[in-house]
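Right, one structure below, let's go through it.
The values are calculated or read from the model by the stated rules, or taken from the named source; none is laboratory data. Note that this is a predicted model, so its numbers are computed, not measured. Don't worry about glycine lacking a Cβ; one is built from the backbone with ideal geometry, like all the others, and counts go over all protein chains shown. For the accessible areas, the whole protein counts, side chains as well, though only heavy atoms, and no ligand, DNA or RNA atoms are used. Shrake-Rupley method; radii C 1.70, N 1.55, O 1.52, S 1.80 Å.
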Amino acid sequence: MDSIYEKRPWLKNYPDWAPHDLDLTSETALGDFKKSAALNPEAPAIYYFDHEISCGKVDRLSDQLAVAFENLGLKKGERIILDLQNVPQFPIAAYAAWKIGAIVVPLNPMYKEKELAYFCRDSGARLFLTLDEIASNLDLSFLEHTSIEKVITTSPLDFLPLGADPPDILKRPRKIAVPGAMDMLEMIEAFQGKTPNEPGIAPEDVAYLTYTSGTTGPPKGAMNTHGNIAFNARVYQAMQRIDSHDVVLGVAPLFHVTGEVAHLAIAALAGIPLVLYYRFDPGETLHLIERWKVTVTVASITAYIALLNHPDIKKRDLSSFVKAYSGGAPVSEATVNQFEEATGLYLYNVYGMTETNSPSHIVPWGTRAPVDSESGALSVGVPVPGCVMKIMDLDEGTRELSPGEVGEIVDSGPIVIPGYWQKPEETTHAIRNGWLYTGDVGKMDEDGWFYLVDRKKDMIVASGYKVWPRDVEDVIYQHPAVKETAVVGEPDPYRGETVKAFVALKAGMEDAVTAEEIVSFCKARMAAYKYPRTVEFVSEIPKTLTGKFLRRTLRDRGKPQKSVEENV
Ligand code: AMP
């Protein structure tokens, strides 16, 4: 078939300096890091708050921890859970795991016993490495019915100089001893000067099991291979034009694919420092951008909005921060403009998912994304080098659609994971003949720019018409009193499903508008089948740590249980 997509019409939007293809590398993020460390051991690998940790030190400590893992009998291919905030122990433990060929299972530190038990059992991990403050707040008996043999704890204060006044978000007792747990620093110290017997890792070996929410059923472990991660680090290097002068801000959680690739793997590849600071805090972020002259990051739009609303935004010198990328959730043109007016910085869009190891589409650095004249949506960018993406029909997914037509986005190339951990059925459903069915609905314009419409599973069918929640939300956002909104489908005896909007109003505007007024506002601005029939006010729209609105939580309000996947 003569496919328009195979011709990659988007390549003409690449800047002159951006390669159309990237060589498949036999490297891994660990290999990249070791090369950078050998070249310049004194160079900073990590800035943890105001303190520096050199490449040589990270290499040495991860060697020693790898020996400790070996001594516990860990072998190639076995799993190690990292339940950590963004602390230096994450890269050190990840490199240590990879040095013995083990697989890292990064988890959201907000998980509680029931969720953790699921991930421990599903991954079959033998080690559970977490923060002392997390372990001491858990009832560790949940581990009894899992494969976990040892708990290792570490303190977020461990890599701050002794006696230093900790930053505000780390104000806590020095270190918590957790009964029965081993201490990560003591394990490292026990093997001074030792190096592990590295079994070697190949590009097809799994680097991470990154859990992702299931549309139905429990979370699935996406198998991000070493080859996937190393390739996509090169994608960022190419499209963000990263060189040795860049400094990357670790604002996305390291347990999410954005942190794994857009922070850790790119820092390893380019040999540049990664700024870590436990977890996102707007004031600390602004301070650290100025302090370390940060140039690049990928963060959620929620984080950028928090920066925008922080009183320090005008006080800090952000002039170094020229590669500010927003990914993981929809971004409106209005927000990009607002951010630019306040800071002078343009927000670049980047789109991807756990299954594509972060970026599949990106706005090349120095290029402004077009806005779709029909829907007003900001483009998520162009497909990354060396990959082909298509738009397929929404029913069977077998018919390629023309530019401008709305369908499911499917991706192919070295960015796609080989599958889900021990879930062959889900793998076959998601990846068909090498094409990943993303579950995202969107279109490509004649010039090869891609636009997202919504998630396929969030589609509402009202009186037989397809309604995309984002279309409705975009209109509600135009109301001056609205801070946030999320639109969902509600069962309706007559229309099958009907449209319901949850709305959070801006501070001080709580009494300024009624639900009926919001309904009328929408009715005047959109087709009759689309406008919300009910509006419910909430104080806040629930979100994941990566900034996604939890429409499902809203839809299920009132139902007793809360599923694991909602938190991912
Ligand atoms: P995750 O696997 O947690 O990274 O989530 C991936 C999903 O986030 C994608 O399938 C999209 O639905 C959404 N997403 C990621 N990036 C963007 C973006 N730039 N704009 C809109 N939605 C996005």
- [ ] State the number of residues belonging to region 296-311 that are open to solvent by less than 30 Å² (accessible area, probe 1.4 Å) and either in contact with a His (Cβ under 8 Å, 6 or more places away or on another chain) or of a type in the set (Val, Ile, Thr) (or both).
- [x] 4
- [ ] Hey, can you tell me all the residues within region 38-59 that are over 25 Å from Gly283 (Cβ atoms) and either free of Cβ contacts under 8 Å to residues at least 40 places away in the same chain or of a type outside the set (A, V, I, L, M, F, W, C) (or both)?
- [x] Ala38, Asn40, Pro41, Glu42, Ser54, Gly56, Lys57, Val58, Asp59
Open item on the list: Looking at the structure I just gave you, is Val247 at negative phi, open to solvent by 10 Å² or more (accessible area, probe 1.4 Å) and in contact with a strand residue (DSSP E or B) (Cβ under 7 Å, 6 or more places away or on another chain)?
Closed with: yes
Task: Where a residue in region 299-310 is in contact (Cβ under 8 Å) with a residue 60 or more places away in the chain and its partner, wherever it lies, is open to solvent by 40 Å² or more (accessible area, probe 1.4 Å), with Cβ under 7 Å and at least six apart - done: Thr302/Lys543; Ala303/Phe280
Task: Subset tally (residues that are more than 16 Å from the ligand (Cβ to nearest atom), under 14 Å from the mean Cα position of the chain (by Cα) and in a helix (DSSP H, G or I)) for region 234-289 - done: 0
Task: Residues of region 363-419 that turn out to be of a type in the set (A, V, I, L, M, F, W, C), open to solvent by 40 Å² or more (accessible area, probe 1.4 Å) and not in a strand (DSSP E or B), as a count - done: 2
Open item on the list: If I filter region 446-470 down to residues being within 16 Å of the ligand (Cβ to nearest atom) and farther than 30 Å from Arg495 by Cα, which single residue comes out as most open to solvent (accessible area, probe 1.4 Å)?
Closed with: Trp449
TODO: Could you please find all residues in region 69-79 being under 25 Å from Ser36 (Cβ atoms) and either surrounded by fewer than 24 Cβ atoms within 10 Å (Cβ to Cβ) or out of contact with any helix residue (DSSP H, G or I) (no Cβ under 7 Å at 6 or more places or on another chain) (or both)?
DONE: Glu70, Lys76
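Each row is one residue, and each column tells you yes or no for (1) open to solvent by 80 Å² or more (accessible area, probe 1.4 Å); (2) touching an Asp or Glu at 6+ places or on another chain (Cβ under 9 Å); (3) within 28 Å of Asp59 (Cα to Cα); (4) not in a helix (DSSP H, G or I).
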site: Ser141; (1), (2), (3), (4): no, yes, no, no
site: Ile148; (1), (2), (3), (4): no, no, yes, yes
site: Leu162; (1), (2), (3), (4): yes, no, yes, yes
site: Ile169; (1), (2), (3), (4): no, yes, yes, no
site: Arg172; (1), (2), (3), (4): no, yes, no, yes
site: Ala177; (1), (2), (3), (4): yes, yes, yes, yes
site: Asn197; (1), (2), (3), (4): yes, yes, yes, yes
site: Ala207; (1), (2), (3), (4): no, yes, yes, yes
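Counting residues that are more than 30 Å from Asn224 (Cα to Cα), in contact (Cβ under 8 Å) with a residue 12 or more places away in the chain and charged (D, E, K, R), which strands (runs of 3 or more DSSP E) fully inside region 430-547 reach at least 3?
On the way: elements: 435-444, 450-455, 460-462, 465-467, 482-492, 496-505, 534-537.
It comes to 482-492.
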TODO: Could you tell me which of the residues Pro203, Pro218 is part of a loop (DSSP other than H, G, I, E, B), away from the ligand (no atom under 16 Å from the Cβ) and either modelled with pLDDT of 95 or more or not hydroxyl-bearing (Ser, Thr, Tyr) (or both)?
DONE: Pro203
Open item on the list: Can you find, within region 376-406, the residue that is nearest to Thr210 (Cα to Cα) among those that are within 13 Å of the ligand (Cβ to nearest atom) and not hydrophobic (A, V, I, L, M, F, W, C)?
Closed with: Gly381
TODO: Restrict the check to region 319-334 and report whether at least one residue is surrounded by fewer than 21 Cβ atoms within 10 Å (Cβ to Cβ), modelled with pLDDT under 95 and among the acidic types (Asp, Glu).
DONE: yes
Task: Pro41 vs. criteria surrounded by fewer than 18 Cβ atoms within 10 Å (Cβ to Cβ) and under 30 Å from Ser402 (Cβ atoms) - done: no
TODO: Would you confirm whether any residue within region 427-444 is open to solvent by less than 30 Å² (accessible area, probe 1.4 Å) and more than 21 Å from the chain's Cα centre (by Cα)?
DONE: yes
Task: Candidates Ile134, Ile152 - the one that is assigned to a strand (DSSP E or B) and under 27 Å from Asn224 (Cα atoms) - done: Ile152
- [ ] For residues that are in contact with a helix residue (DSSP H, G or I) (Cβ under 6 Å, 6 or more places away or on another chain) and more than 15 Å from the ligand (Cβ to nearest atom), scanning just region 314-354, find the one that is nearest to Glu284 (Cα to Cα).
- [x] Arg316
Task: Selection status of Arg126, open to solvent by 40 Å² or more (accessible area, probe 1.4 Å) and over 21 Å from Tyr95 (Cβ atoms) - done: no
Open item on the list: Please verify whether Leu65 is over 24 Å from the mean Cα position of the chain (by Cα) and either open to solvent by 10 Å² or more (accessible area, probe 1.4 Å) or not polar (S, T, N, Q) (or both), treating the condition exactly as stated.
Closed with: yes
Open item on the list: Given the criterion within 25 Å of Thr544 (Cα to Cα) and assigned to a helix (DSSP H, G or I), identify the matching residue among Ala117, Ala68, Ala97.
Closed with: Ala117
Open item on the list: If a residue must be surrounded by 15 or more Cβ atoms within 10 Å (Cβ to Cβ) and of a type in the set (Val, Ile, Thr), how many such residues does region 509-534 contain?
Closed with: 3
Open item on the list: If Thr25 satisfies all but one of (1) outside any loop (DSSP other than H, G, I, E, B); (2) over 22 Å from Asn86 (Cβ atoms), what's the number of the condition it fails?
Closed with: (1)
Task: Of the criteria (1) surrounded by 23 or more Cβ atoms within 10 Å (Cβ to Cβ); (2) over 30 Å from Pro219 (Cα atoms), which one Thr28 fails - done: (2)
